[in-house]
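Since the structure comes first, as structure tokens, the remarks are kept for the end.
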Amino acid sequence: MDYDAIIIGGGPGGSTAGSTLAKAGKKVLILERERFPRFHVGESLIPYGNDVLREIGAWEKMEKSAFMEKLGAEFVLGNSKASIRILFGRYLKAGYAQTFQVERAKFDNLLLEHSGSLGCEIWQETKVKSATITDDGVTVSCDKDGTTRQVSARWIFDASGRDAFLGKQMQLPKTDLGLPKKFATFAHFKCVERNCFPDQGHITIVRLDFGWFWMIPLDAERTSVGLVQTLEHFKATGMSPGECFNHVVATTTELQRRMGKSERVNEFAFAGDYTYRHLQNAGPRWFLIGDAAGFIDPIFSSGVMLAIRSGNAAAKECIAADAKGTALSPRAQKRYTKHVGKMCQVFLNMIKMFYDNKAFEVFMDKNPPKGMEWAVNNLVAGNTRLGWRLRLHVWAFYAICAIQKRFELVPHLDLSDPAAAEPPAA
Ligand SMILES: Cc1cc2nc3c(=O)[nH]c(=O)nc-3n(C[C@H](O)[C@H](O)[C@H](O)COP(=O)(O)OP(=O)(O)OC[C@H]3O[C@@H](n4cnc5c(N)ncnc54)[C@H](O)[C@@H]3O)c2cc1C
């Protein structure tokens, strides 16, 4: 075999798996289709990815890279009538009180170069075409420098993002998780109004009745702004994505306030956000990590954290199996699949809560009981390892969300926006 492991994709999932394996002395090849740095959507991190970034040794490099500090998150109604701010440090330990907003071109490049510094071999502008998996390992066929090359390894990690290379090739069963298809339109802007200290680095989520906006401060000047709406709603507008984005900004009170003087600095980009999850995330010689394992709606900025956590966990399963000199046992395959599924489920529950108007009223409550505030703070920070006390409070939160559907325990939220009724200002 040429390598211990081959990784398809050099995004956060692939480079984290590579770094974890290389630190354990494995010979790793990362195959990446693009030339980094390259643009990628998904710029807001959450703190429960920090420990993996520290473990692989990338955190210090991030601290030196002038990324915007993120201390929390803000949720606002489009009509400006209600808002909450979550400061991670209010309930979380020092290591989780802060994370970063990252321009993905720089962040992904930092992580990929880091894996190279630990010993991973990286072939960029190399597209994987096929992978033949046997009981002993894998042979990968890829296009590099205009020629087709064959490389072999004992393990293969699919970190190809939403391309889901292995999932498609192996026709692995998946579930669409029962959420409506979404469509996202996004760009970077200058002169978007910012919050004051200490909330200036918060992500702002503006809730509309048909979707939501994100605002992610990237540096002193630029803010990433994106509109996520149901595909159905977007199609019904009959507008182009850019026209629709501008129209929603012009007819939403909160967005007018924040973006009235803004200026777009790059072209609009688009993504069809189709939520899915593969039902099996590992086999005897293969792992699916990050988006290649599953993709969930990005409201709670979970994607990068899930990618790096699953990449790290998959690499550790591989290292443990290698120590025994075996393929991945059915038990370990199930354990890894369950681990990834459990992390996703925590966010899926939150996503379903977010789109449910009655449950969202509970989330937006300005004066929640302390235990519930603690639970929500942990969930928004991405804590998926819930101890029994926290689980109890999370359970109570969802119970109150369910009760709110029948009895008004917290004030009703009016989502209608007078700005939408008026013709947009010329
Ligand atoms: C609209 C939107 C907003 C989002 N916002 C956020 C956010 O705020 N915060 C957050 O954490 N997440 C967010 N996400 C999710 C986030 O973008 C992903 O979860 C994250 O990038 C997953 O990392 P990954 O390493 O699994 O895949 P990716 O980052 O997608 O990396 C996959 C890599 O594989 C390469 N590749 C693909 N196919 C091949 C092949 N055949 N051969 C070789 N290389 C290949 C690609 O070039 C790519 O570089 C958002 C997603 C969307 C759609």
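The values are calculated or read from the model by the stated rules, or taken from the named source; none is laboratory data. Predicted, not measured: the structure shown is a model, and the values here were computed from it. Virtual Cβ from ideal backbone geometry, glycine too; neighbours counted across all protein chains shown.
Things worth noting here:
- Matching residues in the range 176-208 - criterion: being farther than 30 Å from Gly341 by Cβ, touching a helix residue (DSSP H, G or I) at 6+ places or on another chain (Cβ under 9 Å) and among the basic types (Lys, Arg): Arg194
- Neighbours by Cβ (under 9 Å, 6+ apart or cross-chain): first from the range 1-16, under 16 Å from His114 (Cβ atoms) and of a type outside the set (Gly, Ala, Ser); second assigned to a strand (DSSP E or B) and near the ligand (Cβ under 8 Å from one of its atoms): Ile7/Leu31
- Breaking point among (1) away from the ligand (no atom under 16 Å from the Cβ); (2) of a type in the set (Asp, Glu); (3) under 30 Å from Arg194 (Cβ atoms), for Glu74: (1)
- Restricting Tyr91, Tyr48 to residues that are closer than 16 Å to Leu306 by Cα, in contact with a helix residue (DSSP H, G or I) (Cβ under 9 Å, 6 or more places away or on another chain) and among the hydroxyl-bearing types (Ser, Thr, Tyr) narrows the list to Tyr48.
- Looking only at the range 38-71, and only at residues there that are in contact with a His (Cβ under 8 Å, 6 or more places away or on another chain) and outside any loop (DSSP other than H, G, I, E, B), the one that is farthest from the ligand (Cβ to nearest atom): Lys61
- Identity of the residue in the range 102-133, part of a strand (DSSP E or B) and within 13 Å of Ile7 (Cβ to Cβ), that ends up farthest from the ligand (Cβ to nearest atom): Glu121
- Condition check for Leu21: in contact (Cβ under 8 Å) with a residue 60 or more places away in the chain, touching an Asp or Glu at 6+ places or on another chain (Cβ under 9 Å) and surrounded by 24 or more Cβ atoms within 10 Å (Cβ to Cβ): yes
- Residue list for the range 312-335, filter: among the polar types (S, T, N, Q) and either closer than 19 Å to Thr16 by Cβ or exposed (fewer than 14 other Cβ atoms within 10 Å of the Cβ) (or both): Asn312, Thr326
- Among the residues of the range 249-265, none qualifies, meaning not one is within 16 Å of the ligand (Cβ to nearest atom) and either of a type in the set (A, V, I, L, M, F, W, C) or modelled with pLDDT of 95 or more (or both).
- Here Gly89 qualifies as touching a residue at least 12 places away in the same chain (Cβ under 8 Å), among the small types (Gly, Ala, Ser), away from the ligand (no atom under 15 Å from the Cβ) and under 26 Å from Leu390 (Cβ atoms).
- Strands (runs of 3 or more DSSP E) contained entirely in the range 134-248, each with at least 2 residues that are polar (S, T, N, Q), within 12 Å of the ligand (Cβ to nearest atom) and closer than 16 Å to Pro298 by Cβ: 222-230
- Scanning the range 1-37 for residues being more than 14 Å from the ligand (Cβ to nearest atom) and among the aliphatic types (A, V, I, L, M) gives a total of 6.
- Glu43 being under 17 Å from Val304 (Cα atoms) and of a type outside the set (Lys, Arg): yes
- Search result, residues across the range 114-160 that are surrounded by fewer than 15 Cβ atoms within 10 Å (Cβ to Cβ) and among the polar types (S, T, N, Q): Ser117, Ser130, Thr132, Thr134, Ser141, Thr147, Thr148, Gln150
- Pairs where the first residue, in the range 141-168, is in contact (Cβ under 8 Å) with a residue 12 or more places away in the chain and the second is of a type in the set (Asp, Glu) and not in a loop (DSSP other than H, G, I, E, B), C-beta under 6 Å, 6+ apart: Arg154/Asp4; Gly161/Asp291; Arg162/Asp291; Phe165/Asp158; Leu166/Asp158
- In the set Lys342, Lys338, Lys366, only one residue is outside any helix (DSSP H, G or I) and exposed (fewer than 14 other Cβ atoms within 10 Å of the Cβ); that residue is Lys366.
- Taking the range 276-328 as the range and being within 8 Å of the ligand (Cβ to nearest atom) and on the phi > 0 side of the Ramachandran plot as the test, the residues that pass are Gly290, Ser301.
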